[in-house]
Amino acid sequence: MTDHNSILITIITEASLEHALTDRLKHLGAPGYTVSDARGEGQRGVRDAGWQTNSNIRIEVICDKPTAQTITTYLREHYYDDYAMILFLREVSVLRPEKFSSSNKGQQ
């Protein structure tokens, strides 16, 4: 079994940003993404997904380190000041690295 190290970016933010962010992620080189609903409580209070305007989403992207840097820099510069958003990164091992390469996008 051969694995490959990649970066998992997790973005937790306001649901109203989903379409703008997913479009931008593609332009920044993300080979793909997963979006799911998220609930919790933090500095900005409870985000319980009861109302669209009060709900959060979790977007996950697996990519290489340079793409992760590009994405996180862009998000910090364009969204951090005005939106509820957190980012975290972790190194992950993937078993099918070709699925997470932006150079192979569309060839899967």
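The values are calculated or read from the model by the stated rules, or taken from the named source; none is laboratory data. All of these numbers come straight from a predicted model, not from anything done at the bench. In case anyone asks, the SASA skips ligands and DNA or RNA and just uses the protein heavy atoms, side chains included. Shrake-Rupley method; radii C 1.70, N 1.55, O 1.52, S 1.80 Å.
In the assembled protein chains, Val92 presents an accessible area of approximately 30 Å² (probe radius 1.4 Å). Here the gap between Val35 and Tyr83, fully extended at 0.36 nm per residue and compared with their Cα-Cα distance, gives a gain of 15.5 nm.
Less than 5 angstrom separates the built amide H of Val92 from those of Ser6, Ile7, Leu8, all sequence-distant by 5 or more or on a different chain.
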